[in-house]
Amino acid sequence: MNHAGHHIDGAVRHQADRTAEVTDPATGRVIRRVALAGAADVGQAVRSARAAFPGWRDQPPAKRARILFRYKELLENNAGQIARTVTEEHGKVFDDALGEVGRGIEIVEYACGAPELLKGEHARNVGPAIDSWSEFQPLGVVAGITPFNFPAMVPLWMFPIAIACGNTFVLKPSEKDPSAALRLAALFTEAGLPDGVLNVVNGNHEAVDALLTCPDIDAVSFVGSTPVAEHVYRTGTAHGKRVQALGGAKNHAIVLPDADTGIATTALMGAAYGSCGERCMAISVAVCVGDDTAERLVATLTDRIADLKVGPGRDPDNDMGPLITAAHLQKVRSYLDIGVQEGAALVVDGRRFNGPAAGDGFFLGASLFDHVTPDMRIYREEIFGPVLCVVRADSLQAAVELINAHEYGNGACIFTRDGEAARYFTDTVKVGMAGVNVPLPVPAAVHSFGGWKRSLFGDLYAYGPDAVRFYTRRKTITQRWPARDARETSQFAFPSGA
Ligand code: NAD
């Protein structure tokens, strides 16, 4: 059993005094221990990042980009190995893990454009012989705090762009699956990143709170559940930091009567049950417009669920792996009882599935509820498991109102062949990411990722152009070079451009 320590100042640091277990969710067995940093360990990582900052800030963006290009190549060459680590600790099927690494690499590709992204804005002759420009300067030391469900991709949403912008970084990954982040950091060092520019401290809420209150941290990027996101946002901003905190979700898919049921079913199977429903963009509610639409969809989903293969993620035949922990398995199972008590129809009960027996890991089959109503807890709360709720609505307008009334506003999609309906949906739905016949509308790397309402605390989204703004501070310089012999009188009127 190896040990997941920290990555500080370019080297692995072991810490044996405070540790937690890391479990393979497919077997339920402890596979390693992870260090739990306290304030002293966090302080060491922050000092390393602070010391590295001036040198890194002063590197030309093109030099930073060259290291990022090497990093991208190393990530591509090691994608399989990183994905295997993700499957081992998280449980998701290998292809899904490989997909997550690929999406992370796309962010590194975007960050390779640092010279273009940072070139600023220039305006000539804003006044008589006066030019001005805005430049985007790094903030200093940025902390990133990430969730268990994308142990490679979400860290890669953050540090490549922060570092491309000239910041140094301290990453605190999820203590449930810490190894992928350590590998990402080791590869960046191998690519030529100077020591201290990227540090990884492992730990739990104690390490997070140490980062949030540390005076030497300038900004915090957080991704995780809404209660913790709110805590991070409030504590971080109260300590003078710039904070973006992405939270939980309950993503709806509207299915209109004209949608192709087969296409919608195929899309919803992956979106609801892929990664065991442990995705912040997972579809957990299907809103069917009209009873006929609902009957058709429930029937086809039921058939398809019967074919779903549940088992260890390392077996390429499986579609769905285990949940992350025994406690989370119990939580998701408890929602099946809650839904039944609330009066929803449990059409498919995931507790009865063909797969590894209970005790052989944290497995649960796919579940399908019909006749779910907006007052039910299974509708209101984020379950974060393989549970899809079908809600029936009378009209497209009623379906959109339902989404708009929900506390979360991460993503939503619509299945239809009607362009006018699709346009109404994208115009009026209150979410940050909308899909038309696209079930998981995760924005490409050239856009930015984030939700509305209680799915995001802060103003700027993750990665893409918003991340460049989040990780930099605008400075606007106004410059005039008067002629050597100019004789001028003082102006007492407020200067204008004209
Ligand atoms: P989590 O909130 O439990 O943990 C996230 C991070 O916060 C971890 O690093 C953890 O160590 C730390 N943490 C946990 N409790 C804390 C506390 N009380 N104080 C300070 N820090 C604490 O989330 P999770 O279970 O790891 O991940 C699943 C959640 O993340 C889901 O709610 C999911 O929707 C959300 N998520 C959101 C997005 C998004 O982009 N909006 C993306 C991925 C995951």
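The values are calculated or read from the model by the stated rules, or taken from the named source; none is laboratory data. These numbers were taken from a predicted model, which means no experiment stands behind them. Heads up, the Cβs are rebuilt from the backbone with ideal geometry, glycines too, and the neighbour counts pull from every protein chain shown. Each accessible area value is taken on the protein alone, full model and side chains, heavy atoms only, with ligands, DNA and RNA left out. Shrake-Rupley method; radii C 1.70, N 1.55, O 1.52, S 1.80 Å.
Collect the residues in region 348-383 that are open to solvent by less than 40 Å² (accessible area, probe 1.4 Å) and among the aromatic types (Phe, Trp, Tyr), keeping them in residue-number order.
362, 363, 369, 379
Would you check if residue 181 is more than 28 Å from residue 75 (Cβ to Cβ), hydrophobic (A, V, I, L, M, F, W, C) and within 16 Å of the ligand (Cβ to nearest atom)?
It is false that residue 181 is more than 28 Å from residue 75 (Cβ to Cβ), hydrophobic (A, V, I, L, M, F, W, C) and within 16 Å of the ligand (Cβ to nearest atom).
Name the residue that is least open to solvent (accessible area, probe 1.4 Å), counting only residues in region 224-248 that are more than 8 Å from the ligand (Cβ to nearest atom) and of a type in the set (Ser, Thr, Tyr).
Taking region 224-248 as the starting set, the residues that turn out to be more than 8 Å from the ligand (Cβ to nearest atom) are 230, 233-245.
This time we only want the ones that are of a type in the set (Ser, Thr, Tyr), so: 233, 235, 237.
Working: 233: 69, 235: 31, 237: 56 Å².
Out of the qualifying residues, it is 235.
Which residue pairs have Cβ atoms closer than 8 Å, lie 6 or more positions apart in sequence or on different chains, and pair a first residue in region 347-364 that is more than 17 Å from residue 324 (Cα to Cα) and of a type in the set (Val, Ile, Thr) with a second residue that is open to solvent by 20 Å² or more (accessible area, probe 1.4 Å) and modelled with pLDDT of 85 or more?
Here the result reads 347/302; 348/302, each pair linking region 347-364 to a residue that is open to solvent by 20 Å² or more (accessible area, probe 1.4 Å) and modelled with pLDDT of 85 or more.
Just one of 17, 95, 58 is closer than 16 Å to residue 153 by Cα and of a type in the set (Asp, Glu); which is it?
On the way: 17 fails: closer than 16 Å to residue 153 by Cα; 58 fails: closer than 16 Å to residue 153 by Cα.
From the options 17, 95, 58, the qualifying one is 95.
Report yes if residue 184 is assigned to a helix (DSSP H, G or I), under 24 Å from residue 226 (Cα atoms), out of contact with any Ser or Thr (no Cβ under 6 Å at 6 or more places or on another chain) and open to solvent by less than 10 Å² (accessible area, probe 1.4 Å), otherwise no.
Against the criterion (assigned to a helix (DSSP H, G or I), under 24 Å from residue 226 (Cα atoms), out of contact with any Ser or Thr (no Cβ under 6 Å at 6 or more places or on another chain) and open to solvent by less than 10 Å² (accessible area, probe 1.4 Å)), residue 184 does not qualify.
Looking only at region 148-167, decide whether some residue is part of a loop (DSSP other than H, G, I, E, B), open to solvent by 20 Å² or more (accessible area, probe 1.4 Å) and within 16 Å of the ligand (Cβ to nearest atom).
Applying the first criterion (part of a loop (DSSP other than H, G, I, E, B)) to region 148-167 yields 148-152, 165-167.
Filter again for open to solvent by 20 Å² or more (accessible area, probe 1.4 Å), leaving 148, 150.
Okay, now just the ones that are also within 16 Å of the ligand (Cβ to nearest atom), so 148, 150.
Yes: region 148-167 contains one or more residues that are part of a loop (DSSP other than H, G, I, E, B), open to solvent by 20 Å² or more (accessible area, probe 1.4 Å) and within 16 Å of the ligand (Cβ to nearest atom).
Being surrounded by fewer than 24 Cβ atoms within 10 Å (Cβ to Cβ) and either away from the ligand (no atom under 14 Å from the Cβ) or closer than 18 Å to residue 6 by Cβ (or both) is the requirement here; does residue 176 meet it?
Yes, satisfied.
Just to be sure, is residue 108 open to solvent by less than 10 Å² (accessible area, probe 1.4 Å) and aliphatic (A, V, I, L, M)? Walk me through it before giving the result.
Values: open to solvent by less than 10 Å² (accessible area, probe 1.4 Å): yes; aliphatic (A, V, I, L, M): yes.
Taking the combined requirement at face value, the residue satisfies it.
Name every residue in region 184-223 that is within 12 Å of the ligand (Cβ to nearest atom) and acidic (Asp, Glu), in order of residue number.
206, 209
Scan region 374-395 for residues that are over 21 Å from residue 453 (Cα atoms) and not in a strand (DSSP E or B) and report the count.
Going through region 374-395 one residue at a time, the tally reaches 4.
Looking only at region 272-314, how many residues end up being touching a helix residue (DSSP H, G or I) at 6+ places or on another chain (Cβ under 7 Å), part of a helix (DSSP H, G or I) and more than 16 Å from the ligand (Cβ to nearest atom)?
5
Every residue in region 455-498 that is closer than 30 Å to residue 236 by Cα, open to solvent by 70 Å² or more (accessible area, probe 1.4 Å) and assigned to a strand (DSSP E or B), please.
From region 455-498, those closer than 30 Å to residue 236 by Cα are 455-477; that's our starting set.
Okay, now just the ones that are also open to solvent by 70 Å² or more (accessible area, probe 1.4 Å), so 459, 469, 473-476.
Within region 455-498, 473, 474, 475, 476 meet the criteria.
Picking from 209, 177, which residue would you name as being assigned to a helix (DSSP H, G or I) and touching a helix residue (DSSP H, G or I) at 6+ places or on another chain (Cβ under 8 Å)?
209
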